[in-house]
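Below: one structure, written as structure tokens.
The values are calculated or read from the model by the stated rules, or taken from the named source; none is laboratory data. If you're wondering where the values come from, they're calculated on a predicted model, not measured in any experiment. Every residue, glycine among them, receives a Cβ derived from its backbone with ideal geometry; neighbour counts consider all protein chains shown. Ligands, DNA and RNA are stripped out before the accessible areas are found, and what is left, the full protein with its side chains, is counted by its heavy atoms. Shrake-Rupley method; radii C 1.70, N 1.55, O 1.52, S 1.80 Å.
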Amino acid sequence: MPAIDLAATEYGSGSPLLILHGLFGSARNWAWVAQRLAAGRRVLALDARNHGASPWADTMSYAEMAEDVAALARSRRLGAVAVIGHSMGGKTAMLYALTYPEEVRRLIVVDVAPVSHPPVLAAYARAMRALDLSGLTRRAEADPRLAAGIDDPADRAFLLQNLVIDAKGARWRLNLPAIERAMPEISAFPELPADLAFTGPTLFIAGDRSDYIRPEHRPVIKRLFPRAQLIRIKEAGHWVHAERPQEFLAAVLAFLGEGG
């Protein structure tokens, strides 16, 4: 399947840096971080296929999503880029770097490992698809309806950012049927050749309250990314950049260095 022409929000100028959001997210979730990273850099926050303002597609394997990123970088003649990817975006970023190592200068992977994870977020896709959108005039009205399927208020608030309410009524910005179908692939990580590795500088940032990166993941991380460093940010869960933005930003800037 041909690559999708991804939507991107740009900030600043200089050395290119791509930001890849996680499942059910969008470039807008990264605006605060992107704006601060844009001092001396050209930052492009991308919307993945079936998310945000990007086109929809029937499938969304990591191979396809990595090709989407590669196509965008080439079409804009960015040259070698630095990449930050969170969760699903982190797996996409890892595969992009492993597939096209000459196109990635530095890699930052946020709270995810190159392994299969339990498909816990599949329940979110089902709950959103089941939500009765009739008669909604504000997102706040949708929250109690979504609470029937999703207990956590913070998770509901995050997901409801994808709800569009206008003169045409209420609808999801996400391609939920395609996302639900793809959940087994999104939760997994592709099988790769044993000798494949990205030897560029790599930083894994984990939340210390999250178990997405575990001690038993270290060997596969080191095999695929032999120069990988791992840091854990205290008092942060899976959404590290949103929960501890200042600490996250400091870690990213220290790793990127001048003009990185």
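Yes or no: Pro153 modelled with pLDDT under 95, open to solvent by 30 Å² or more (accessible area, probe 1.4 Å) and closer than 26 Å to Tyr100 by Cα? Considered against the rule, which asks whether it is modelled with pLDDT under 95, open to solvent by 30 Å² or more (accessible area, probe 1.4 Å) and closer than 26 Å to Tyr100 by Cα, Pro153 comes out as no. Leu160 meets the conditions (1) over 19 Å from Leu20 (Cβ atoms); (2) in contact with a strand residue (DSSP E or B) (Cβ under 7 Å, 6 or more places away or on another chain); (3) surrounded by 17 or more Cβ atoms within 10 Å (Cβ to Cβ) in every case but one. The failed one is (2). Quick check on region 207-230. Is at least one of its residues open to solvent by less than 50 Å² (accessible area, probe 1.4 Å), over 14 Å from Ala113 (Cα atoms) and not small (Gly, Ala, Ser)? Checked against the condition, which is being open to solvent by less than 50 Å² (accessible area, probe 1.4 Å), over 14 Å from Ala113 (Cα atoms) and not small (Gly, Ala, Ser), region 207-230 yields no hits at all.
Contact map, region 203-226: first residue closer than 18 Å to Val83 by Cα and touching a residue at least 12 places away in the same chain (Cβ under 8 Å), second residue of a type in the set (Asp, Glu) and surrounded by 19 or more Cβ atoms within 10 Å (Cβ to Cβ), Cβ cut-off under 7 Å, separation 6 or more or different chains; pairs are Ile205/Asp111; Ala206/Asp111. So, in region 237-260, of the ones that are at pLDDT 95 or above and small (Gly, Ala, Ser), which residue ends up farthest from Pro201 (Cα to Cα)? Top of the filtered list is Ala250. In region 24-47, the residues that are without any contact (Cβ under 8 Å) to a residue 24 or more places away in the chain form Cβ pairs under 9 Å with partners that are of a type in the set (Gly, Ala, Ser) and open to solvent by less than 10 Å² (accessible area, probe 1.4 Å), at six or more places apart or across chains, as follows: Ala31/Ala45. Of the strands (runs of 3 or more DSSP E) lying entirely inside region 21-116, those carrying at least 2 residues that are open to solvent by 40 Å² or more (accessible area, probe 1.4 Å) are 104-110. Scanning region 34-61 for residues that are closer than 28 Å to Ala188 by Cβ and of a type in the set (A, V, I, L, M) returns Leu44, Ala45, Leu46, Ala48, Ala53, Ala57, Met60. Assessment of region 174-189 against the conditions (under 17 Å from the mean Cα position of the chain (by Cα), of a type in the set (Phe, Trp, Tyr) and modelled with pLDDT under 95) yields no matching residue. Here Ala194 meets each of (1) touching a residue at least 40 places away in the same chain (Cβ under 8 Å); (2) closer than 30 Å to Arg223 by Cα with one exception, condition (1). Count of region 117-142 residues, restricted to those that are open to solvent by less than 30 Å² (accessible area, probe 1.4 Å), small (Gly, Ala, Ser) and under 17 Å from Ile186 (Cβ atoms), is 3.
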